[in-house]
1. Can you find, within the stretch 55-109, the residue that is nearest to the chain's Cα centre (by Cα) among those that are among the acidic types (Asp, Glu) and under 29 Å from Glu139 (Cβ atoms)?
2. Being farther than 28 Å from Asp8 by Cβ, in contact with a strand residue (DSSP E or B) (Cβ under 6 Å, 6 or more places away or on another chain) and of a type in the set (Asp, Glu): is that true of Asp82 here?
3. Does at least one position in the stretch 36-48 carry a residue that is among the hydroxyl-bearing types (Ser, Thr, Tyr), touching a Phe, Trp or Tyr at 6+ places or on another chain (Cβ under 9 Å), surrounded by 11 or more Cβ atoms within 10 Å (Cβ to Cβ) and over 27 Å from Glu125 (Cα atoms)?
4. Test each condition in (1) out of contact with any Lys or Arg (no Cβ under 6 Å at 6 or more places or on another chain); (2) more than 28 Å from Thr131 (Cα to Cα); (3) touching a residue at least 40 places away in the same chain (Cβ under 8 Å) for Gly47 and report the one that comes out false.
5. Only one residue in Thr6, Thr32 is hydroxyl-bearing (Ser, Thr, Tyr) and either in contact (Cβ under 8 Å) with a residue 60 or more places away in the chain or within 30 Å of Val89 (Cα to Cα) (or both). Which one?
6. Quick test for you: out of Thr84, Thr107, Thr118, pick the one residue that is among the hydroxyl-bearing types (Ser, Thr, Tyr), loosely packed, with under 10 Cβ neighbours inside 10 Å and modelled with pLDDT of 95 or more.
7. For the stretch 83-119, enumerate the residues that are of a type in the set (S, T, N, Q) and either part of a loop (DSSP other than H, G, I, E, B) or in contact with a Cys (Cβ under 6 Å, 6 or more places away or on another chain) (or both).
Amino acid sequence: MKREETVDHHIKTCWHAIYRMYNQEAAKHNSTTSQAFVVLNIDPVNGTPATKIAPLMGLESRSLTRMLKSMEEMGVIYKEKDPTDGRSVRIFLTDLGKEKRRVSKETVIQFNDAVRQTIAPEKLEAFFEVTSKINQIVESKNIFK
């Protein structure tokens, strides 16, 4: 089987193209795609527990820790102890973080609008069904015998 015929090849090349596109746009705003995903996953009003952000992004918490430290140093986020759980920390957006979130959200919407204007609704529906099934296969962990 040629790599161009494998499901994972198409998913990987498509995701890398999207990631590069987002990184180019993020760079215009002194940011990265990963940082943009972080600000999109932080509740702009109530903040978000630090422990909830990594799973939302599909990351290990130690990978996120360095990024959060960097974003705090940049003035994009700040941390506060959770008032209901003293052991937990909530991440909040600064005004700069809220602006970066607005730009990130607008970028995602523009990309999705471009896709929806180009691809027929029934094909997108089929795409969503297929990717959902692929996720189920991956999550089942019963692939390799």
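1. If we filter the stretch 55-109 for residues that are among the acidic types (Asp, Glu), which is where we start, we get 60, 72-73, 80, 82, 85, 95, 99, 106.
Of the ones still in play, those that are also under 29 Å from Glu139 (Cβ atoms) are 60, 85.
Details: Glu60: 13, Asp85: 26 Å.
Step by step, filter the stretch 55-109, then rank; the result is Glu60.
2. So Asp82 passes the test.
3. Within the stretch 36-48, the first condition is being among the hydroxyl-bearing types (Ser, Thr, Tyr), and the residues that meet it are 48.
From what's left, touching a Phe, Trp or Tyr at 6+ places or on another chain (Cβ under 9 Å): 48.
After this cut, where a residue has to be surrounded by 11 or more Cβ atoms within 10 Å (Cβ to Cβ) as well, the list is 48.
Then keep just the ones that are over 27 Å from Glu125 (Cα atoms); that gives 48.
Among the residues of the stretch 36-48, at least one is among the hydroxyl-bearing types (Ser, Thr, Tyr), touching a Phe, Trp or Tyr at 6+ places or on another chain (Cβ under 9 Å), surrounded by 11 or more Cβ atoms within 10 Å (Cβ to Cβ) and over 27 Å from Glu125 (Cα atoms), which makes the answer yes.
4. Failed condition: (1).
5. Details: Thr6 fails: either in contact (Cβ under 8 Å) with a residue 60 or more places away in the chain or within 30 Å of Val89 (Cα to Cα) (or both).
That would be Thr32, the only listed residue that is hydroxyl-bearing (Ser, Thr, Tyr) and either in contact (Cβ under 8 Å) with a residue 60 or more places away in the chain or within 30 Å of Val89 (Cα to Cα) (or both).
6. Working: Thr84 fails: modelled with pLDDT of 95 or more; Thr107 fails: loosely packed, with under 10 Cβ neighbours inside 10 Å.
None of the other options fit; the residue is Thr118.
7. Initial filter on the stretch 83-119 (of a type in the set (S, T, N, Q)): 84, 88, 94, 104, 107, 110, 112, 117-118.
Hits for the stretch 83-119 are Thr84, Ser88, Thr94.
The values are calculated or read from the model by the stated rules, or taken from the named source; none is laboratory data. Just so it is clear, the model here is predicted, and its values are computed rather than measured. Cβ: placed from backbone, ideal geometry, glycine included. Neighbour counts: every protein chain shown.
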